[in-house]
Amino acid sequence: MDADSGLYVNSLLERRQIMNTKSLSFWSDFRPHTIGFDTIFDNLDYLRTVPNNNYPPYNIRKIDDENWSVDVALAGFSKDDISVEHKPDENSLIIKSQIDKDEKEVEDNEGILYRGISKRQFTRSFSIADDVIVKGAKLENGLLSVELQKIIPEEKKPKTIEIR
């Protein structure tokens with residue numbers, strides 16, 4: 001390795017360290033001005049480390065201020081092949097396939113000459129807020145739609161405080 005390439009590697013390492021420092025200081029700048037949001041910052045740090053997996057493709061639709069839908073393209077899957085789980089204690093929604101290897105081997109021998117529609121195992125996880133609930137899920141025409149709703153408890157609704 002010549003001197004120029006050594007300098008290039010060192011500058012890359014320095015840039016990476018600076019970027020990491022900036023990202024840490026970015027979150028640190030918000031912490032003194034917030035109370036009770038530590039889990040949000042921790043979740044954002046976690047999401048930065050999750051590898052980008054594009055299977056299966058999905059959309060997140062905002063229906064209105066309190067309702068959303070997660071639409072996942074699952075061509076070739078049946079209701080029995082899919083599991084949708086809401087874990088309120090972990091603030092997560094998990095959608096995954098439940099295909100047995102024996103079942104997959106049977107499918108592979110069904111005379112298919114070319115497989116362009118993938119039916120492989122997957123796990124897709126979404127972080128959701130504390131006050132968001134999963135209302136239901138439906139699989140129609142190869143599209144799984146999971147309905148989410150924000151529930152605002154009475155104690156979180158705005159109220160006027162009487163001054164004594």
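Nothing in this text is a laboratory measurement; each read-out follows from the coordinates by a stated rule. As the structure is a prediction and not an experimental result, all values here were calculated from the model. Cβ: placed from backbone, ideal geometry, glycine included. Neighbour counts: every protein chain shown.
Numbers at a glance
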| item | result |
| --- | --- |
| Phe77 long-range amide H proximity, modeled H, under 5 Å | none |
| Relative contact order %, segment 53-154, counting alpha carbon pairs below 8 Å whose residues are six or more apart | 33 |
| Too-long pairs where the Cα-Cα distance tops 18 Å, listed order kept, from Lys79/Lys138; Lys62/Lys87; Lys62/Lys96; Lys87/Lys156 | Lys62/Lys87; Lys62/Lys96; Lys87/Lys156 |
| Sites Asn53 and Ile161 - FRET efficiency at Förster radius 45 Å, r taken between beta-carbons, to 0.05 | 0.45 |
| Dipole axis of segment 53-154 (+1 Lys, Arg; -1 Asp, Glu on Cβ), positive-most option in Ser125, Asn53, Leu144 | Asn53 |
| Cα-based shape type of segment 53-154, given that a ≥ b ≥ c are square roots of the gyration tensor eigenvalues and the cut on a/c is 1.5 | prolate |
| Net charge over other residues, Cβ less than 10 angstrom from the Cβ of Tyr55 (K, R count +1; D, E count -1) | +2 |
